[in-house]
Amino acid sequence: MRHSPHKTSDGAPRVAAGSRRASWFACTLVCALAGCSWLGLKSSTDSTGYQAEAARQGPLDVPPDLSPLTKDERFSVPDQGTSANALRSASGATGSGSSVVPRGTKARLVRDGAQRWLAVDLPPEKAYEVVKEFWPSVGLKLTMDQPTLGIVETDWQEKRPSVPTGAIQRALNMFLESVTSTGLKDQYRTRIERTPTDTSEIFITHRGLEEVYTSNDKVATTWQPRQRDPELEAEMLQRLLLRFEGGDAASVAQAAPGKPAAGKDPGTSLLAISHMVKEGTDSRLEVDEPFDRAWRRVGLALDRGGFTVEDRDRTKGLYFVRYLDPDYQAKQRDSQGLFSRIFSSDPKVEAQQFRVALLTDGDRTSVRVQDKDGHPEAGSAGDRILKQLDEQMR
């Protein structure tokens, strides 16, 4: 027997519940798609989606009160095969201190026997700024800054060995500082000379200290002078050379014009070019060099000897220096009153002023010591100054 379909009370056929739910779902989907089109949204499969829309709109506008950031080329990866010199020339980067070095400046390392210096095609005022920025960049503080004299001097810096700086090393440094101490200190003095052509000659001298025990029980130590290190002077000259545009650390050092360079290394013994001469009360130092070379040698000897150079006059061949003679110091302390001895354990004695005068005679130069008024120094201080200069020239 066939059953007839279900009918409602009014006689209309009854619709199945599943068909009704399907109709509602289809209607909802149509409305959703229509709403997306009304709101201007695109489907994710549309090739003109939000990526293409963003590309058509372009980058965001910069507000009027702001400026766009400039692109920094320092961190861009260079093309393969480009040399460091080419990059340095293209970018114009010449290291620290290059802001005060005019472009086209030429500097070279000059060597005359055991002496080395930089010849820079800049007036001393310009070269001084480069030197002043150089020493702090290598980790050395300045204790003397005298632009009128062209002298820059660093503080004493203790030399440390190259050891790892891990947690264990930091702990050792806190409790055992002597573990990483070499017992050596270094100091550098830079002197800038003006040439007759208004260029600069730069000299660097090194002084050293070493820590020694004061007794056999090795409890207390003190610092005492040690010999200068010519290799450290040469190293610092090479570093300073790179600060001047056009300087090449690999260039061959040139000999001073008019005389070939000595064929020996600075660490080997050289022939003595200076000797003391004493005739009665007249004492002088004879240097077997013309004035230009003798002037350089005397200036380096004053720097290495620790003299305080207050002024100099190359045209007159004069160095104005201060020197504390031991005899004069003892005499001044003895003449001080009882009041000063009680309230001052170490009374200060001012150093005396002297003149170191150079007089040339052909290929030989005589060096004499004068008092502050220009009269010959007949005391023991003049002989001590000449003797110390003679030792520093060897």
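The values are calculated or read from the model by the stated rules, or taken from the named source; none is laboratory data. Predicted, not measured: the structure shown is a model, and the values here were computed from it. Glycine also receives a Cβ, built like all others from the backbone with ideal geometry; neighbour counts cover every protein chain displayed. SASA here: full protein model, heavy atoms, side chains in, ligands and nucleic acids out. Shrake-Rupley method; radii C 1.70, N 1.55, O 1.52, S 1.80 Å.
Data for the structure
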item	result
Test: residue in region 122-129 that is surrounded by 16 or more Cβ atoms within 10 Å (Cβ to Cβ), modelled with pLDDT of 50 or more, in contact with a helix residue (DSSP H, G or I) (Cβ under 6 Å, 6 or more places away or on another chain) and not charged (D, E, K, R)	no
Answer residue from region 257-291, given it is at pLDDT 90 or above and among the charged types (D, E, K, R) and is most open to solvent (accessible area, probe 1.4 Å) among those	D288
Scope region 144-180; condition closer than 20 Å to E210 by Cα and modelled with pLDDT of 65 or more; matching residues	E153, T154, D155, W156, Q157, E158, K159, R160
All positions within region 231-245 that are part of a helix (DSSP H, G or I), open to solvent by 30 Å² or more (accessible area, probe 1.4 Å) and farther than 15 Å from L140 by Cβ	E231, Q238, L242
Qualifying residue in region 302-311 (condition: under 30 Å from T148 (Cβ atoms), among the small types (G, A, S) and modelled with pLDDT of 90 or more)	no
Region 131-150: number of residues that are of a type in the set (V, I, T) and under 19 Å from F244 (Cβ atoms)	2
Residues that are touching a residue at least 40 places away in the same chain (Cβ under 8 Å) and either in contact with a His (Cβ under 9 Å, 6 or more places away or on another chain) or surrounded by fewer than 20 Cβ atoms within 10 Å (Cβ to Cβ) (or both), drawn from region 297-315	R304, G305, G306, T308, V309, E310, D311, R314
Every residue from region 364-376 that is more than 16 Å from L324 (Cβ to Cβ) and either open to solvent by 50 Å² or more (accessible area, probe 1.4 Å) or in a strand (DSSP E or B) (or both)	R364, T365, S366, V367, R368, Q370, D373, H375, P376
Pairs where the first residue, in region 181-202, is open to solvent by 20 Å² or more (accessible area, probe 1.4 Å) and modelled with pLDDT under 95 and the second is aliphatic (A, V, I, L, M) and part of a loop (DSSP other than H, G, I, E, B), C-beta under 8 Å, 6+ apart	T199/L122
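For every residue, the table says whether it meets (1) at pLDDT below 90; (2) surrounded by 13 or more Cβ atoms within 10 Å (Cβ to Cβ); (3) aliphatic (A, V, I, L, M); (4) in contact with a Pro (Cβ under 6 Å, 6 or more places away or on another chain).
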position: P326; (1), (2), (3), (4): yes, no, no, no
position: Q332; (1), (2), (3), (4): yes, yes, no, no
position: G362; (1), (2), (3), (4): yes, no, no, no
position: A378; (1), (2), (3), (4): yes, yes, yes, no
position: E391; (1), (2), (3), (4): yes, no, no, no
